[in-house]
Amino acid sequence: MPSYSNLFSFRRRHAEPFIVLALGRTGSTTLRHVLDCHPALGCLHEPFNPDRRGSRGRITDGTTLRRELRELRVRACGFKHVWDPDGWPFPSGSALNRVLATEPGQRILFLNRRNVLRRLVSVQMSAQAKAW
C-alpha cells in the first residue's frame with residue numbers, strides 16, 4: 001500500500017492544478033468528494049473559509065493569497081472555493097476572488113445552479129438552520 005507522502009508526491013507531479021469555484025448551494029461539496037476519490041487528484045475543502053482557517057486568520061491581500069496557493073498546491077492538486085459576489089470569504093468588497101480565479105497555471109471549474117431562485121431559497125434555509 002502506498003504511503004500518503006508518495007500519494008501526495010504523485011498528485012503534485014501528474015495533475016494540473018484546479019479550483020472548483022462555486023456559488024453556495026450548487027453541489028460543490030458532492031463534486032469535491034467525487035474528485036477526491038480519484039487517486040491522481042486531491043481536492044481540499046474551502047481552505048480560505050474563515051470558519052476553517054482558525055488561528056491563521058483571514059486573508060486580506062494578494063501577496064498572502066498567492067503564498068497560500070503555493071502552499072496548498074503541495075498538499076493537493078485542487079480545492080473547492082465557495083464565494084459570494086460581495087467578496088466573501090475574503091473581506092467585503094475585496095477583489096481577492098478575482099485574483100484567485102485569474103491566477104495563471106490552473107484550471108477553473110465554475111459551478112452555478114440553473115434555477116437561481118432554488119439556490120437562493122436553499123441558501124436562506126441553510127442560514128436559518130445554521131446547517132451548511
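The values are calculated or read from the model by the stated rules, or taken from the named source; none is laboratory data. It should be emphasised that the depicted structure is a prediction, and the values quoted were computed from it without experimental measurement. Cβ: placed from backbone, ideal geometry, glycine included. Neighbour counts: every protein chain shown. Keep in mind that these areas ignore ligands, DNA and RNA; they rest on the heavy atoms of the full protein, side chains included. Shrake-Rupley method; radii C 1.70, N 1.55, O 1.52, S 1.80 Å.
Brief remarks follow.
- Selected residue (only one of 71, 46 is open to solvent by less than 70 Å² (accessible area, probe 1.4 Å) and acidic (Asp, Glu)): 46
- Test: residue in the range 95-107 that is of a type outside the set (Asp, Glu), open to solvent by 80 Å² or more (accessible area, probe 1.4 Å), under 23 Å from residue 42 (Cβ atoms) and in contact (Cβ under 8 Å) with a residue 12 or more places away in the chain: yes
- Among the residues of this structure, residue 62 does not count as one that is loosely packed, with under 15 Cβ neighbours inside 10 Å and either farther than 18 Å from residue 17 by Cα or touching a residue at least 40 places away in the same chain (Cβ under 8 Å) (or both).
- Qualifying residue in the range 85-102 (condition: touching a Pro at 6+ places or on another chain (Cβ under 6 Å), of a type in the set (S, T, N, Q) and under 29 Å from residue 15 (Cα atoms)): no
- Single residue of the range 9-37 satisfying the filter (farther than 14 Å from residue 79 by Cα and assigned to a helix (DSSP H, G or I)) that is modelled with the highest pLDDT: 14
- Screening residue 40 on (1) at pLDDT 95 or above; (2) open to solvent by less than 40 Å² (accessible area, probe 1.4 Å) shows it passes everything except condition (1).
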